[in-house]
1. Only one of these is over 21 Å from Val293 (Cα atoms), surrounded by fewer than 23 Cβ atoms within 10 Å (Cβ to Cβ) and over 15 Å from the mean Cα position of the chain (by Cα): Arg71, Arg58, Arg125. Name it.
2. Among what's in the range 207-230 and is farther than 12 Å from Val166 by Cα and among the aliphatic types (A, V, I, L, M), pick the residue that is surrounded by the fewest Cβ atoms within 10 Å (Cβ to Cβ).
3. Under 8 Å between Cβ atoms, which residue pairs at least 6 apart in sequence (or on different chains) link something in the range 98-112 that is on the phi < 0 side of the Ramachandran plot and crowded, with 16+ Cβ neighbours inside 10 Å with a partner that is in a loop (DSSP other than H, G, I, E, B) and modelled with pLDDT under 95?
4. Is at least one residue of the range 172-187 acidic (Asp, Glu), surrounded by fewer than 22 Cβ atoms within 10 Å (Cβ to Cβ) and modelled with pLDDT of 95 or more?
5. Of (1) surrounded by 13 or more Cβ atoms within 10 Å (Cβ to Cβ); (2) small (Gly, Ala, Ser); (3) out of contact with any helix residue (DSSP H, G or I) (no Cβ under 8 Å at 6 or more places or on another chain); (4) part of a loop (DSSP other than H, G, I, E, B), Ser313 satisfies all except one. Which?
6. I'd like to check something: does the range 179-194 contain any residue that is of a type outside the set (A, V, I, L, M), over 26 Å from Pro228 (Cα atoms) and without any contact (Cβ under 8 Å) to a residue 60 or more places away in the chain?
7. Against the conditions (1) closer than 21 Å to Ser146 by Cα; (2) buried (at least 22 other Cβ atoms within 10 Å of the Cβ), where does Glu204 fall short? Just the number, please.
8. Mind listing just one residue for me: the one in the range 205-224 that is touching a residue at least 60 places away in the same chain (Cβ under 8 Å) and part of a strand (DSSP E or B) and, of those, nearest to the chain's Cα centre (by Cα)?
Amino acid sequence: MKNRLLITVIAAVLLGGVAIGYTALSGTSPGEAAHSIPAGTGPRLMMLSNGRLSTVSRSDPAGPREITEQRCDRAYAASGTISCLRPVGALKAGELAVLDSQLKELRTVPLTGFPNRTRVSASGRMVAWTLFVDGHSYAANGFSTSTGIFDTKTGALVQSLEEFTVEGMPQLPVDANFWGVTFTADDNRFYATMSTGPHRYLIEGDFAARTVRPLTEHDNVECPSLSPDGTRIAYKAAVNGDPQQGWRVSVLDLATSRITPLAETRSVDDQPAWLDDRTVAYGIQRDDGLNDVWSVPADGTGTPRIEIPEASSPAPIG
């Protein structure tokens with residue numbers, strides 16, 4: 001445990017150096033960084049540029065970007081609410097920071113683990129996150145996650161979905177893990193992944209009732225992301241049901257249960273993000289260790305293309 005913590009601290013310091021180097025290359029010094037997420041300049045995409053919250057024009061995602069001073073390991077935004085999973089630093093544990101569009105800190109929640117996923121409901125009210133407590137990959141055996149939800153309106157905080165009752169299971173399996181929350185439009189129901197044994201089920205949750213229901217007919221569904229119209233879920237599906245073989249990004253139609261593998265055939269280890277009802281985005285790590293945000297049509301047609309170079313954690317805003 002002490003060795004893992006030391007490695008995490010060293011990694012955080014190195015990532016900080018990478019971010020400083022990127023800022024210098026982009027021509028933006030820390031003193032010139034933006035202090036808020038731009039608004040009123042047309043549709044934009046928020047993302048992370050080497051660990052800094054940034055935005056680009058939706059019509060020119062490879063063009064100039066506004067880079068703020070806010071650092072996150074993972075981030076997402078909707079309706080003026082920003083979820084930022086801050087990295088572990090020297091002598092400092094990680095935390096969830098809930099920010100407004102001016103980057104004003106509204107709430108922080110201390111967290112223990114390696115930041116992995118975060119989502120905000122379409123209204124901006126609900127915030128969810130997933131951390132690795134043990135391990136750093138969903139393909140490995142013996143990993144452990146912690147997934148929580150925060151209601152910004154009432155202040156209700158659930159540190160772990162393991163506190164919820166699982167319908168049909170009198171007792172939570174000892175090997176159960178939850179990850180990858182995505183919210184419905186009513187700010188109460190949500191979808192996520194629950195693993196137990198060899199299965200990785202799509203689950204439907206009720207925040208007010210503190211219950212989750214495994215949708216056992218939908219096995220092999222990881223990191224779900226609900227479409228803006230609420231009819232489909234984009235997710236990563238383990239190839240041949242084996243995460244060690246990688247994942248194929250796919251779309252599930254909730255009404256018909258039809259599954260559509262998308263045109264991206266490389267392994268995608270990310271929670272997809274819908275840029276609109278027709279387009280799904282996701283991150284892929286390059287050979288040099290940097291990430292690019294790619295996008296692909298949600299109907300299985302077309303070809304993948306780079307949406308935002310050298311970026312991660314995409315979210316449509318504005």
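The values are calculated or read from the model by the stated rules, or taken from the named source; none is laboratory data. Bear in mind that the values here come from a model prediction, so they are computed numbers and not experimental data. Ideal geometry is used to build each Cβ from the backbone, glycine not excepted, and the neighbour counts take in all protein chains shown.
1. Matching residue, one of Arg71, Arg58, Arg125: Arg125.
2. Ranking the qualifying residues of the range 207-230, first place goes to Ala208.
3. Close Cβ pairs satisfying both conditions: Ser101/Ser36; Ser101/Ile37; Ser101/Ala39; Leu111/Ala93; Leu111/Gly94.
4. yes
5. Failing condition for Ser313: (4).
6. no
7. Single failed check for Glu204: (2).
8. So the residue we want is Cys223.
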